[in-house]
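One structure is given here, and the rest of the page talks about it.
The values are calculated or read from the model by the stated rules, or taken from the named source; none is laboratory data. Computed from a predicted model, the values in this text were never measured in an experiment. We place every Cβ from the backbone using ideal geometry, glycine too, and count neighbours over all the protein chains shown. These accessible areas exclude ligands, DNA and RNA; they are computed on the full protein's heavy atoms, side chains included. Shrake-Rupley method; radii C 1.70, N 1.55, O 1.52, S 1.80 Å.
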Amino acid sequence: MDKNHLIYLRTEGSAERGYLSFFELNRDLQFPIKRVYYIYDVPVGIKRGMHAHKKLQQLLWCPCGEIEIVVDDGKERVSYLLDSPKKALLVLNGYWREMYWKKEGSVLCVVASDYYDETDYIRDYNEFLKYVEEGYWDHEDQL
Ligand code: T46
């Protein structure tokens, strides 16, 4: 079911000089980036997210710290741990997401397929379940 997935970012470097990780359009990421944002200074134990997107797709990564991302398709919940700057998580549209801050100073970086649009959000879980039941997204068909 879960078409969201971890991507191990291409990385160059060494313990002596440090590391550089990167991703490129079409080679690593299938959607053109229209927006970049990042979330920081979040106290440990805080939960964010708690919504789904009708159309928006995003790539999330945590360059420092540790953040758990839970994605939920209305039937099953899957947890991903972003605990390395080399890991990124593709989160498709139509999945409820929750983010849990595990370590102080953790930063969540996001690139998004579209501009910010509050009408694309579903912030009520029961409403999200209705969209799922009505077959608004065909998760099987994604990617
Ligand atoms: C998501 C997860 C991973 C803007 O004005 N512009 C923006 O680009 C964004 C992302 C948010 N906002 C406003 C909307 C709210 O008034 O910033 C405020 C905080 O947003 P929100 O409570 O939605 O933040 P999170 O951390 O719960 O969710 C965010 C993204 O909104 C969401 O798309 O998938 O990160």
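Here are the numbers for this structure:
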{"read-out": "Neighbours by Cβ (under 8 Å, 6+ apart or cross-chain): first from segment 41-58, on the phi < 0 side of the Ramachandran plot and small (Gly, Ala, Ser); second part of a loop (DSSP other than H, G, I, E, B) and surrounded by 14 or more Cβ atoms within 10 Å (Cβ to Cβ)", "value": "Ala52/Asn93; Ala52/Gly94; Ala52/Tyr95"}
{"read-out": "Segments classed as strands (runs of 3 or more DSSP E), wholly inside segment 1-45, with at least 3 members that are modelled with pLDDT under 95", "value": "5-8"}
{"read-out": "Number of positions in segment 59-79 that are out of contact with any Ser or Thr (no Cβ under 7 Å at 6 or more places or on another chain) and crowded, with 20+ Cβ neighbours inside 10 Å", "value": "6"}
{"read-out": "Some residue of segment 119-129 being more than 10 Å from the ligand (Cβ to nearest atom), assigned to a loop (DSSP other than H, G, I, E, B), within 30 Å of Asp41 (Cβ to Cβ) and open to solvent by 50 Å² or more (accessible area, probe 1.4 Å)", "value": "yes"}
{"read-out": "Residue tally, condition over 11 Å from Trp61 (Cβ atoms), open to solvent by 50 Å² or more (accessible area, probe 1.4 Å) and in contact (Cβ under 8 Å) with a residue 40 or more places away in the chain, over segment 9-34", "value": "5"}
{"read-out": "Options Arg97, Arg48: the member that is among the basic types (Lys, Arg), part of a strand (DSSP E or B), open to solvent by 50 Å² or more (accessible area, probe 1.4 Å) and over 20 Å from Ser21 (Cα atoms)", "value": "Arg48"}
{"read-out": "Candidates Asp72, Asp41, filtered to the one that is within 30 Å of Gly135 (Cβ to Cβ), charged (D, E, K, R) and away from the ligand (no atom under 11 Å from the Cβ)", "value": "Asp72"}
{"read-out": "Top-ranked residue in segment 130-143 [being more than 17 Å from the chain's Cα centre (by Cα) and open to solvent by 100 Å² or more (accessible area, probe 1.4 Å); ranked as modelled with the lowest pLDDT]", "value": "Asp141"}
